[in-house]
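Just so you know, all these numbers are worked out from the coordinates, no wet-lab data involved. Since this is a predicted model, take the numbers as computed values, not measurements. Note that each Cβ is placed from the backbone with ideal geometry, even for glycine, and that neighbours are counted across all protein chains shown.
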Amino acid sequence: MIIHIDMDAFFASIEQAINPRLIGKPLVVGSRGSKMHTVVCAASYAAKRLGIHSGMSSRDAFKICPNLEFVRADQSKYIWTSSQIFKLLENFNLPLNYASIDEFQLDLPDSQNPVSLGKEIKQQIYSNFKITASVGIAKTWLLAKLASKIDKPDGLTLINDDNFKEILSKTALNKLCGMGGKNGQILMDQGLKTCWDLYLKLPGFFDNCGKFRETSGNSDEAIQKPKSMSHSYTLPMAQINPQVIFAWIRVLSEMVSGRLRQDNLVSATVHLWLNGPQIGNFGAQKTYLEATSDGYQIYLRTLKIMEKSRLKSPRIRAIGVTCSSLSQPSYNPLFSEEIRREELIKALDRINGKFGESTIFPAITILTR
Amino acid sequence: MNQNSFSPKARWDRFEPDKAGFNPDALNERINVLAYFEHAKIFPKSFNWHDKEYTIEKITYNWQERVGQALINYFSVICAGQLYQISFDNFTFRWQLDKIIQ
């Protein structure tokens, strides 16, 4: 059996644990920019009941609820809490999967009582962190994930042979993982409205979809190599100054390249994504023969993508840089300039590693401050 | 989740206060702290800020963050009904009052 643990309104719950004054109030967690020019990262359940949800602009959220509490996101708290929950779950000595920052999965042998274990997990999480989790239990991770969403918050749902049909009949197809977007819409347009309809059409779907993958460190197959690395940022205001836009692209390129070097990877493909009121969503990518993990090279490649796009001074609201076609570095620099550049990057990484990221930074990025 | 893979305290993502002068959201002032250490954890009991003693009635939350080689321990603490965030940097051995939480 699979136990799927899904933290309830994770970011908002942590902020409420920190500041008990916020408990029970409509609360959103937004970016560090102006609270009226940002996006809702997370909403408390009191805010969700008013129709406020993640991804909504903060301006719209405040229109719905003028007395909304706003807290600036601080990722260090959420990342730390997530890692501590993972450590807590490791103590159960079961195959464990880190599904996302606020979702975890355990693989139980048949001999163990999953419901009592689920209750114990919820109780331990609450007593350590004062935040609640919803637990779903089923034979596959897809069903367990679905079960975890049924009785939120602070729920515990078991899907077994007795209630399988009842639960799937009551659950809309777009509530199933992977069916929220176009895939789900295509199937719903074909008349499949509930998860039970999908089961009747594809009985093997719920059994075969998504094998459990352990990430608790003991298995050689545990750590999956990433297929891509990316960073994106939504600017507080739409920006037209090209130098500022280039500065942000450089920031994101350096962030992605830092992660590449940390994992000893290089990337051959760069994808640039821009969003703005005039251009909507723009995305383009290019693959090069020579893979790199140099932030400056990645930055230059994104600028070439922008040149070819022929965008003329658009107002940009959001930017994303993605590196894919990842591989281990296989090329040793031959020319003195390349060797110097590589030594420079290593030295910068050592400085930033000792004193904190961006202790030393490219001058252009000063335009982002 | 590897916290070292991306440090959210990178200066280009760090909250920059809009105005100079007293800003309760970004104080970052050195304080003296009385704390006890038990089972490899830190429990601050009181701190002194601008010559005034603040007794910590409750630690509502604590978390850690790695910034370079430093490990910063953060605490949200209640003193006389007001919530503060204080932190300890194990590289510089400095306690500071980060902000007053509204």
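Would you mind working out the magnitude of the charge dipole of region A:228-368 relative to its Cα centre, with +1 at each Lys and Arg C-beta and -1 at each Asp and Glu C-beta, to the nearest 20 Debye?
In debye, rounded to 20, region A:228-368 gives about 480.
Provide a whole-number value for the mean count of partner chain Cβ atoms within 10 Å of the Cβ atoms in peptide B:61-71.
Mean inter-chain Cβ contacts per residue within 10 Å come to 6.
Along the three principal axes, how long is chain A when you take its alpha carbons, biggest first, rounded to the nearest angstrom?
Answer, in whole Å and largest first: 68, 52, 47 Å.
Using Cα positions and a limit of under 19 Å, work out the lysines in reach of A:K63, with same-chain residues fewer than 8 apart set aside.
Straight-line reach from A:K63, under 19 Å: A:K25, A:K35, A:K48.
Can you pull the mean other chain C-beta count within 10 Å for peptide A:20-31?
Going residue by residue through A:20-31 and averaging, the value is 1.
For the ranges B:36-45, A:44-53, B:23-32, what's the packing order if you count other beta-carbon atoms within 10 Å of each residue, average per peptide, and put the highest first?
The most tightly packed comes first, giving A:44-53, B:23-32, B:36-45.
Explain nothing, just compute: Karplus ³J(HN,Hα) = 6.51 cos²θ - 1.76 cosθ + 1.60, θ = phi - 60°, for every residue of region A:151-161 in order, whole Hz, x for Gly and Pro.
10, 6, x, 6, x, 8, 10, 10, 9, 10, 4
Mind checking which lysines have their Cα closer than 28 Å to the Cα of B:K45? Skip sequence neighbours fewer than 8 apart in that chain.
A:K77, A:K87, A:K130, B:K9, B:K58, B:K99
In peptide A:68-74, how many Cβ atoms from other protein chains are near each Cβ within 10 Å, on average? Intermediate results must be reported in sequence, preceding the final value.
Working: counts 0, 1, 0, 2, 2, 3, 7.
Going residue by residue through A:68-74 and averaging, the value is 2.
Explain nothing, just compute: Karplus ³J(HN,Hα) = 6.51 cos²θ - 1.76 cosθ + 1.60, θ = phi - 60°, for every residue of region B:43-51 in order, whole Hz, x for Gly and Pro.
Values, residue by residue: 10, x, 10, 7, 9, 10, 9, 6, 6 Hz.
Let me check I have the definition right: for region A:43-188, take the eigenvalues of the Cα gyration tensor, multiply each by 5, take square roots. What are those semi-axes in whole Å, largest first?
28, 23, 14
Please list, in order along region A:36-52, the HN-Hα scalar couplings obtained from phi with the Karplus expression 6.51 cos²θ - 1.76 cosθ + 1.60 (θ = phi - 60°), rounded to whole Hz, x for Gly and Pro.
Coupling constants for region A:36-52: 8, 10, 9, 10, 6, 7, 8, 10, 6, 5, 5, 6, 4, 5, 8, x, 8 Hz.
All other residues with a Cβ under 15 Å from the Cβ of A:T194 taken together, and with Lys, Arg as +1 and Asp, Glu as -1, what is their net charge?
So the environment of A:T194 carries a net charge of +3.
Counting residues in region B:24-101 as N, plug N into 2.2 N^0.38 Å and put the Cα Rg over that result.
After normalising by residue count via 2.2 N^0.38 Å, the value is 1.01.
Could you tell me the center-to-center distance, by alpha carbons, between region A:255-308 and region B:26-102 in angstrom?
Region A:255-308 and region B:26-102 have Cα centres spaced 40 Å from each other.
Check cross-link reach from A:K312 to the lysines: straight Cα distance under 23 Å, and skip same-chain residues fewer than eight apart.
Partners found: A:K286, A:K304.
Pick from A:Q285, A:Q185, A:Q84: which is most flexible by mean-square fluctuation in a GNM of chain A where alpha carbon atoms under 10 Å apart are linked?
Of A:Q285, A:Q185, A:Q84, the Gaussian network model singles out A:Q185 as fluctuating most.
Mind listing the long-range amide H neighbours of A:G356? Cut-off is under 5 Å, sequence gap 5 or more, other chains count too, H placed in the peptide plane at 1.01 Å from N.
When sequence neighbours closer than 5 places are left aside, the close amide H contacts are B:G68, B:Q69.
Tell me, what is the FRET efficiency for A:L289 and A:I351 to the nearest 0.05, using R0 = 35 angstrom and their Cβ-Cβ distance as r?
Result of the calculation: an efficiency of 0.65.
Show that you can apply the helix-only estimate: for chain A, add -39,500 (n - 2.57) for every DSSP H stretch of four or more residues, divide by all residues, and state [θ] at 222 nm to the nearest 500. Mind showing how you got there, number by number?
Details: 13 runs with 143 residues, N = 369.
Dividing the helical sum by the residues of chain A leaves -11500 deg cm²/dmol.
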